[in-house]
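Only one structure is covered here, and it is reproduced in the block below.
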Amino acid sequence: MSARRPSRVRALSVAGTDPTGGAGVQADLKSFAAHGAYGMAVVTALVAQNTHGVRAVHVPDVAFLRAQLDAVGDDVTVDAVKLGMLGTRDVVEEVASWLRRTRPPVVVLDPVMVATSGDRLLDAGAEQAVRALVAQADLVTPNLPELGVLLDEPRAPSWGAAVDQARRLARSADVTVLLKGGHLDDDVSPDAVVDARTVVELEAARVATTSTHGTGCSLSAAVAALRPRRPDWVSAARDAKEWLTGAIAAGEALRVGSGRGPVDHLHHVPTLGAPAFSVEAWDAVADLRAACDALPFVRALADGTLPTDAFEAYLHQDALYLGVYARVLARASELAPDPVGQAFFARGAAGCLDVEAQLHRDRLGRSDRVHRSGASAVTRAYVDHLAGVGAHGSYAQVLAAVLPCYWLYADVGARILARAGDLAAHPFGDWVGTYGDPGFAALADEARRLTDEAAREVGAGERARMLAAFVTSCEHEVAFFDQVDVGPARARRPAVAAAGG
């Protein structure tokens, strides 16, 4: 009877430590977990380091390293091994001996040989031992300085020269090279999978961030975890690079350390026990909501002292805004994963152009002061933000970006309605009735529910991008109300704050 296939890839990291968790075995274990592998670790060195650099290194006797390696190898079938910081010639040779005895099916070597500062981390004997170890790996993942050291040559001056070096290393050591281009000064961050016959380049936009601590460790560990269940090195590297790009982008939100912070290895994994997105988002804009209530426009709208021409100027900009907003709602409908979301946002798009736009037609159509100017700079900034999220953002991000136009209007409208008294006597009763209506509040509730539902399916990094889109839209909402000159309205009549109390 054949043995059953394990539920997860069993991946082993052989590397040094990082007590802040961004590099070394700690980063490797997170990378393994992020890709569904069961992670194990053998420690080669105890490193006192943080996001600013290394303070001290302690290398245990190689007899203890051998005991760790044998303890794992004698008991567990290892599907993939990632080799990181090895440090000394004795450590490298001990690891090489273990590899010859156990012959794991996948061996990925991240040759930790050159510091970010450019300083060499190994003495000449250890460097020579690592060069010999390359031949026992299936994949080696050098950056440009490390590739030069492996060939005992200067660092390649260009990407093309680096690819040529990688070809020569692949042929001489019979190994596949994942060449990392992060050290290039360019807007893109290319990598290339190079073997004796082919070169496949993998491009990604460079992320502007200081959260790059442990990227090399994390990428090589991710490729090791993926390779047993991918058909080739190219597909494993491509998937790992896409994941790492997102992890780098989400890293700053972790707020770990004051130097070069780590990446967010679990950026794509939903956070268990996190509060509903709407709760977090509403709290995040508490100051903006207070600022909105205090705006002269909102206060004058609430107590009816807003000059008619100021209200019409606002409506004119709002009509221009709603045309773009309708298109972004239609985009949300296209992206929605189920019929409920599709139908809701499709109706919302139609409502912008029909039901709510009737307010604009009634007001501006009977006025002899119809504003024929185009969109203001404030309006253009808001619609450009929405259009950008609609064009490039995920479904969850689009929902977060459009939610404030439902939620803030329903919130302000309901509180004005509660104090407005007879709407027929209120000069802006049609606006108050539209946005203070319980029916509109129900639409805002449903938009909020759908956004919370989408947020439950995403990881911490995507949730952070959702929050950024929501906050930015709220900032634009406040600026949108504040762009109209209310004139001397405040001097004519005491104000009743929209927030009440």
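Tabulated data
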| item | result |
| --- | --- |
| Pick from region 415-455, criterion of a type in the set (Phe, Trp, Tyr) and assigned to a helix (DSSP H, G or I), ranking: farthest from THR271 (Cα to Cα) | TRP431 |
| Criterion (basic (Lys, Arg) and within 27 Å of VAL432 (Cβ to Cβ)) met by exactly one of ARG299, ARG260 | ARG299 |
| Residue in region 94-107 that is touching a helix residue (DSSP H, G or I) at 6+ places or on another chain (Cβ under 8 Å), over 22 Å from ASP174 (Cα atoms) and either open to solvent by less than 30 Å² (accessible area, probe 1.4 Å) or touching a residue at least 12 places away in the same chain (Cβ under 8 Å) (or both) present | no |
| Single residue of ALA387, ALA401, ALA391 found to be exposed (fewer than 14 other Cβ atoms within 10 Å of the Cβ), at pLDDT 90 or above and in a helix (DSSP H, G or I) | ALA391 |
| Matching residues, region 283-316, being surrounded by 21 or more Cβ atoms within 10 Å (Cβ to Cβ) and under 18 Å from ALA464 (Cβ atoms) | VAL285 |
| Residues that are of a type in the set (Lys, Arg) and surrounded by 15 or more Cβ atoms within 10 Å (Cβ to Cβ), drawn from region 238-282 | ARG238, LYS241, ARG260 |
| Residues that are at pLDDT 95 or above, among the hydroxyl-bearing types (Ser, Thr, Tyr) and part of a helix (DSSP H, G or I), drawn from region 195-226 | SER218, SER220 |
| Inter-residue pairs, beta-carbon under 6 Å, first in a loop (DSSP other than H, G, I, E, B) and in region 6-23, second of a type in the set (Phe, Trp, Tyr) and open to solvent by 10 Å² or more (accessible area, probe 1.4 Å), 6+ apart | ARG8/TYR38 |
| Identity of the residue in region 213-237, surrounded by fewer than 19 Cβ atoms within 10 Å (Cβ to Cβ) and free of Cβ contacts under 8 Å to residues at least 60 places away in the same chain, that ends up nearest to GLY39 (Cα to Cα) | ARG230 |
| Single unsatisfied condition, LEU139 versus (1) within 20 Å of VAL107 (Cα to Cα); (2) open to solvent by 50 Å² or more (accessible area, probe 1.4 Å) | (2) |
| Number of positions in region 266-279 that are at pLDDT 90 or above and either more than 19 Å from ARG448 (Cα to Cα) or more than 17 Å from the chain's Cα centre (by Cα) (or both) | 6 |
| Hits in region 317-326 (condition: open to solvent by less than 30 Å² (accessible area, probe 1.4 Å) and either touching a Lys or Arg at 6+ places or on another chain (Cβ under 9 Å) or β-branched (Val, Ile, Thr) (or both)) | VAL324 |
| Matching entry among VAL458, VAL471 (being touching a residue at least 60 places away in the same chain (Cβ under 8 Å), of a type outside the set (Ser, Thr, Tyr) and part of a helix (DSSP H, G or I)) | VAL471 |
| Residues (in contact with an Asp or Glu (Cβ under 9 Å, 6 or more places away or on another chain), open to solvent by 40 Å² or more (accessible area, probe 1.4 Å) and among the hydrophobic types (A, V, I, L, M, F, W, C)) located in region 197-212 | ALA205 |
| One residue from LEU467, LEU417 being out of contact with any Lys or Arg (no Cβ under 9 Å at 6 or more places or on another chain), more than 27 Å from GLU334 (Cα to Cα) and not small (Gly, Ala, Ser) | LEU417 |
| Near pairs, Cβ below 6 angstrom, 6+ apart or cross-chain, from region 125-138 (within 21 Å of ALA221 (Cα to Cα) and outside any helix (DSSP H, G or I)) to any residue that is open to solvent by less than 50 Å² (accessible area, probe 1.4 Å) and not polar (S, T, N, Q) | ALA137/VAL107; ALA137/LEU109; ALA137/VAL175; ASP138/VAL106; ASP138/VAL107 |
| Residue list for region 40-92, filter: of a type in the set (Val, Ile, Thr) and open to solvent by 30 Å² or more (accessible area, probe 1.4 Å) | VAL43, VAL54, VAL57, VAL59, VAL62, VAL76, THR77, THR88 |
| Unique match (being of a type in the set (A, V, I, L, M), surrounded by fewer than 16 Cβ atoms within 10 Å (Cβ to Cβ) and modelled with pLDDT of 95 or more) among ALA124, ALA166, ALA192, ALA132 | ALA132 |
| Residue match in region 173-189 (condition: without any contact (Cβ under 8 Å) to a residue 60 or more places away in the chain, assigned to a helix (DSSP H, G or I) and not β-branched (Val, Ile, Thr)) | yes |
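The values are calculated or read from the model by the stated rules, or taken from the named source; none is laboratory data. In this text, all values refer to a predicted model and were calculated from it rather than measured experimentally. Here the Cβ is made from the backbone with ideal geometry for all residues, glycine too, and neighbour counts use every protein chain on show. When the accessible area is computed, the model is the full protein with side chains, heavy atoms only, and any ligands, DNA or RNA have been set aside. Shrake-Rupley method; radii C 1.70, N 1.55, O 1.52, S 1.80 Å.
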